[in-house]
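Below you'll find the structure, written out as structure tokens, and then a few comments.
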Amino acid sequence: MSKFMFIENEWTDSSVGRSIEVYDPSTGNAIERVPYASREDVKRAVDAAQIAFKKGVWSKIPPADRANTILKVAQLLEERSEEFAQLESLNTGKSIRQCINYDIPYTIDNIRFIAGACRVLEGKAMQEYVSEGTSMVRREPIGVVGVITPWNYPLMMVAWRAFPALAMGNTVVVKPATYTPLTTLELARLMLAANVPKGVFNVITGPGPEVGEELAKHPNVDMIAFTGSTEVGRRLSELGSSTVKKVSLELGGKAPFIVFSDADIHAAAKGAVVAGLINNGQDCANSTRYYIHESIKEKYLHALNQELNRIIIGNPADFATDLGPLISETHRRRVESYIRKGIEEGGNVLRGGDRPSISGNEGGYFLSPTVIQTENHNSTIVKEEIFGPVFTILNFSEYDEVIEKSNSVIYGLGASVWTKDVTVAMRAIRDLRFGTVWVNDHIPVPSEMPWAGYKQSGHGSSLSQYSLEEFSYIKHAYIDISGETTKKWHSQVHGSSGKLSE
């Protein structure tokens with residue numbers, strides 16, 4: 001089977017006839033072919049988006065009309081939610097249970113929130129900040145937005161990045177990850193069915209180093225919104241700087257999971273397993289560094305081990321499966337290399353690290369949950385993002401010590417603290433340099449709340465009202481209300497009298 005790109009509401013192949021195979025990570029088998037976009041294809045998509053923006057077919061209609069169209073897309077997605085869940089599971093290797101119960105319903109909620117939020121933009125009160133005139137603030141669309149999405153949440157990240165841009169009146173060109181383009185292309189069918197105008201939503205496919213970079217440096221792309229690794233984010237920032245385009249980045253994470261001595265050990269163990277293994281351990285918000293107070297270390301490790309014993313690794317199409325494969329063989333080897341580094345740098349593997357054999361899925365990229373205990377805070381597995389089912393266990397004794405160690409990485413996306421002491425919890429919320437801090441939980445992000453990073457986890461916001469501001473320019477409008485020909489401030493040019501010659 002083959003799929004096509006979506007440009008100006010038409011399905012199109014690569015202009016040079018090249019294509020890429022898309023694989024099922026649970027078997028290693030090819031399941032689709034998608035076009036390998038050429039430079040001309042990228043230009044065609046950007047031109048379509050730019051023409052649509054200039055014509056105002058989307059940007060100049062009332063927010064309510066844009067919202068109604070976006071809500072129609074959400075409705076169509078809900079009607080086909082099971083089909084999208086199956087396709088997302090097939091293409092990513094994540095469990096069908098996660099796709100049906102979480103990914104797709106949450107994505108629908110994200111889209112519906114964004115649609116409603118664009119109708120109630122807030123800003124500074126209109127006022128006479130200068131006696132002769134009234135000032136007001138407008139929020140206006142930026143123009144053509146290039147959206148580059150990751151492979152771990154293909155459909156959800158289109159909702160997080162493309163839909164706020166669309167809600168604000170921008171036009172978009174989406175470049176999904178090479179591994180996982182299928183649900184994004186299928187989403188284009190819903191956009192067509194919802195009567196989104198030509199050129200407003202476009203999808204091109206192909207490798208990031210070529211197609212993504214071509215989109216990022218295109219002079220007629222006004223903004224790039226990227227979710228993915230910090231390394232790629234740096235590269236896109238460099239490319240965007242040549243045309244001084246706005247760049248919104250949601251990048252890597254290295255979330256600390258801090259368990260204080262008074263924590264509910266069972267809750268913290270169960271929370272750790274869910275937060276560490278969701279999405280097969282491939283989530284920028286995943287808990288990755290487990291700082292356990294030394295007084296409860298043995299009890300906690302016992303509870304964690306019991307919870308991991310319950311995890312079912314298997315075919316992601318099976319509703320009973322908890323943990324599926326990693327996205328590719330290349331990525332599995334990368335995660336395994338981190339495990340080896342952890343051992344070389346003084347770590348002790350308490351469990352896992354092997355490749356389980358799954359009957360019927362022998363070619364899949366499976367990796368068992370791995371627990372590594374280390375006292376080397378400068379270890380590679382403590383400092384760098386692994387992006388796999390690897391639990392790094394460290395001890396701590398004092399509050400200031402664990403906060404300092406938690407903040408000592410280049411990332412600042414998410415963190416959690418586990419304690420019954422509200423004072424400790426509130427101090428930790430203040431002191432941890434992360435965009436989201438959870439207390440006695442890890443992962444939830446409601447559509448109404450921002451998802452944003454500190455440090456090299458990026459800048460800008462996904463979700464919430466703030467995401468709409470992210471995809472807009474702010475404009476000051478000033479209206480004279482004096483009716484006078486000569487204003488007081490004219491004396492700065494016309495002399496002390498401030499009077500103009502007749």
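Considering V16, V42, V22, V34, which residue is without any contact (Cβ under 8 Å) to a residue 40 or more places away in the chain and in the same structural domain as K198 (by TED's automatic domain parsing)?
Result: V16 is the single residue among V16, V42, V22, V34 that is without any contact (Cβ under 8 Å) to a residue 40 or more places away in the chain and in the same structural domain as K198 (by TED's automatic domain parsing).
Might you let me know whether region 202-212 holds any residue that is closer than 30 Å to I474 by Cβ, surrounded by fewer than 24 Cβ atoms within 10 Å (Cβ to Cβ) and in the same structural domain as F113 (by TED's automatic domain parsing)?
Looking through region 202-212, none of the residues is closer than 30 Å to I474 by Cβ, surrounded by fewer than 24 Cβ atoms within 10 Å (Cβ to Cβ) and in the same structural domain as F113 (by TED's automatic domain parsing).
Quick one: in region 479-502, of everything that is aliphatic (A, V, I, L, M) and more than 12 Å from E132 (Cβ to Cβ), which residue is modelled with the highest pLDDT?
Among them, the one singled out is V493.
Could you check, for region 134-157, whether at least one of its residues is polar (S, T, N, Q), outside any helix (DSSP H, G or I) and under 27 Å from T230 (Cβ atoms)?
Yes: one or more hits.
Any residue at all in region 62-79 that is of a type in the set (S, T, N, Q), in a helix (DSSP H, G or I) and more than 16 Å from L190 (Cβ to Cβ)?
The answer is no, given that none of the residues of region 62-79 is of a type in the set (S, T, N, Q), in a helix (DSSP H, G or I) and more than 16 Å from L190 (Cβ to Cβ).
Have a look at I292, I311 and point out the one that is part of a loop (DSSP other than H, G, I, E, B) and closer than 15 Å to K270 by Cβ.
None of the other options fit; the residue is I311.
Among the numbered conditions (1) crowded, with 24+ Cβ neighbours inside 10 Å; (2) touching a strand residue (DSSP E or B) at 6+ places or on another chain (Cβ under 6 Å), tell me where M191 comes up short.
Every condition holds for M191 apart from (1).
For I327, all conditions in the list (1) out of contact with any Phe, Trp or Tyr (no Cβ under 6 Å at 6 or more places or on another chain); (2) part of a loop (DSSP other than H, G, I, E, B); (3) over 23 Å from I429 (Cα atoms) hold save one; what is the number of the exception?
(1)
What residue, among those in region 472-487 that are exposed (fewer than 15 other Cβ atoms within 10 Å of the Cβ) and among the small types (G, A, S), is farthest from the chain's Cα centre (by Cα)?
Here the answer is G483.
Check E401 against each of (1) without any contact (Cβ under 8 Å) to a residue 24 or more places away in the chain; (2) in a loop (DSSP other than H, G, I, E, B) and name the one condition it does not meet.
Evaluating E401 over (1) without any contact (Cβ under 8 Å) to a residue 24 or more places away in the chain; (2) in a loop (DSSP other than H, G, I, E, B) leaves (2) as the failure.
I'd like to verify a number: residues in region 450-471 that are part of a strand (DSSP E or B), surrounded by fewer than 21 Cβ atoms within 10 Å (Cβ to Cβ) and not charged (D, E, K, R), how many?
Count: 2.
If you take the residues of region 237-265 that are of a type in the set (V, I, T) and part of a strand (DSSP E or B), which of them is surrounded by the fewest Cβ atoms within 10 Å (Cβ to Cβ)?
So the residue we want is V247.
How many residues does region 158-177 contain that are more than 19 Å from V46 (Cβ to Cβ) and either part of a helix (DSSP H, G or I) or in contact with a Cys (Cβ under 6 Å, 6 or more places away or on another chain) (or both)?
5
Here are some residues: S59, S26. Which one is of a type in the set (S, T, N, Q), modelled with pLDDT of 95 or more, within 30 Å of E140 (Cβ to Cβ) and under 25 Å from the mean Cα position of the chain (by Cα)?
S59
Exactly one of these conditions fails for E307: (1) of a type in the set (D, E); (2) closer than 22 Å to S368 by Cβ; (3) crowded, with 22+ Cβ neighbours inside 10 Å. Give me its number.
So the condition that E307 fails would be (3).
Return the residues of region 268-293 that are crowded, with 24+ Cβ neighbours inside 10 Å, among the β-branched types (V, I, T) and within 21 Å of the chain's Cα centre (by Cα); say none if nothing qualifies.
T288
Looking at V130, V73 in this structure, which one is more than 29 Å from V221 (Cα to Cα) and among the aliphatic types (A, V, I, L, M)?
Result of the check over V130, V73: V130.
The values are calculated or read from the model by the stated rules, or taken from the named source; none is laboratory data. Computed from a prediction, not measured in an experiment: that's the story for all the values here. Don't worry about glycine lacking a Cβ; one is built from the backbone with ideal geometry, like all the others, and counts go over all protein chains shown.
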